[in-house]
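Novice: Let me begin by handing over the structure; questions about it come next.
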């Protein structure tokens, strides 16, 4: 399916993800004009400067009704409310999508309202860096990554349109329920970030922190990279996906206590087998990534 042309697309929140999307859309040559909406005048200026948007606005108003497609690239705590605002200016064929890392964020009343007035197609391109803001955007950000679509109804046309856009940008598409998405993300993304934020904080509460700066290489350096991610965004994610994160965190705490017990008891074989299993899982993940790149 070829991506259809658009006269205008609006990106609300043209930061790292939003502006990278804008650059990728422009590269596809499927849209005449890209509008960016953000409270930050500086970020809008950066987005215009790098060419991810053509026009910057600070408010959502009736002008947005000209956009056939609207992407919400804002913190997950704001998405439901923004959908309700955008709906006020939408038309029957308007498609609203998002890029949030938590998908079970829409109130039933919002879903009901959207189904009457436009098309709401939640999505999550699994891509990003520890940086924030339009100035760090890259059209290559989404290459060979996964984008998860979590439909709220069975209307296939808008789902196919959003799927094809992400596919043509370079992503692999997976369709799943919001519940399944949030459960998977709590394990593969949210828990690792939670651990990174925590371990960096724990390490620098120790009295030898001056020496830690000198010897922060390898694994610990990787943790500091993840731990330097946007605190506003990740606070929202942790709270919005609380149910699954707490369950995953409980499982992790149990496993942590188990390996702690093995170390206390000098249980070499049990520690070795745990580490060996982890290495095999890593090998499996890398094999999957190789297949994705080949296809």
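The values are calculated or read from the model by the stated rules, or taken from the named source; none is laboratory data. Values in this document were obtained by computation on a predicted structure and should not be read as measured data. Note: ideal-geometry Cβ built from the backbone for every residue, glycine included; neighbour counts use all protein chains shown.
Novice: Looking at segment 104-119, which of its residues are in contact (Cβ under 8 Å) with a residue 40 or more places away in the chain and assigned to a loop (DSSP other than H, G, I, E, B)?
Specialist: Passing the criteria: 104, 105, 106.
Novice: Within segment 120-135, which residues are in a loop (DSSP other than H, G, I, E, B) and either more than 9 Å from the chain's Cα centre (by Cα) or without any contact (Cβ under 8 Å) to a residue 60 or more places away in the chain (or both)?
Specialist: The answer is 122, 129, 130, 131, 132, 133.
Novice: Is it the case, given these coordinates, that residue 79 is touching a strand residue (DSSP E or B) at 6+ places or on another chain (Cβ under 6 Å) and within 14 Å of residue 17 (Cα to Cα)?
Specialist: no
Novice: Output the residues belonging to segment 150-172 that are under 14 Å from the mean Cα position of the chain (by Cα) and either surrounded by fewer than 16 Cβ atoms within 10 Å (Cβ to Cβ) or closer than 18 Å to residue 104 by Cβ (or both).
Specialist: Scanning segment 150-172 gives a single hit, 150.
Novice: So, in segment 79-96, how many residues would count as being in a helix (DSSP H, G or I) and in contact (Cβ under 8 Å) with a residue 12 or more places away in the chain?
Specialist: Selection size over segment 79-96: 8.
Novice: Select, from 186, 174, 229, the only residue that is closer than 15 Å to residue 126 by Cα, in contact with a helix residue (DSSP H, G or I) (Cβ under 7 Å, 6 or more places away or on another chain) and modelled with pLDDT of 95 or more.
Specialist: Criteria check complete, one pass: 186.
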